[in-house]
């Protein structure tokens, strides 16, 4: 993956709550270790400044695309299944991603269902483990269907 695409993906993950700003900076700093002459925008990001002047990285003026969100699902699923992503953070991120999607997409349907299932747990209608199992299965099926 090209450097800008990799960093844009990290910025998207941060914007939907999958990474904190601190975690983003750590990942950028790790990436800097492998670059002898880093671009100024990468250094700015390392210091916590968003490179809005770099069009490919500006997720405000160059909005996040459906395919970019879709590409996050396998990693989200893996992190959720290995407990690197908590249930609450998954649900929070799902709500943030839903705000970016058109209602007529498969990913919108999946995340809308996922948040509905979470509400069953939050309202005491289902056990958390049952909801987690259903969500894990649905995420896996979604990935299989979209590969």
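A few notes on this one:
- Against the test of being touching a residue at least 24 places away in the same chain (Cβ under 8 Å) and either in contact with a strand residue (DSSP E or B) (Cβ under 6 Å, 6 or more places away or on another chain) or over 19 Å from residue 20 (Cα atoms) (or both), the options 89, 57, 70, 45 yield a single qualifying residue, 70.
- Of all residue pairs spaced 6 or more apart or on separate chains, those with beta-carbon atoms under 7 Å, a first member in segment 4-33 that is over 16 Å from residue 67 (Cα atoms) and a second member that is loosely packed, with under 13 Cβ neighbours inside 10 Å are 14/21; 21/48; 25/48.
Taken together, the values in this text are just the output of simple stated rules run on the coordinates, not laboratory data. Nothing here was measured: the structure is a model prediction, and the numbers come from that model. Every residue, glycine among them, receives a Cβ derived from its backbone with ideal geometry; neighbour counts consider all protein chains shown.
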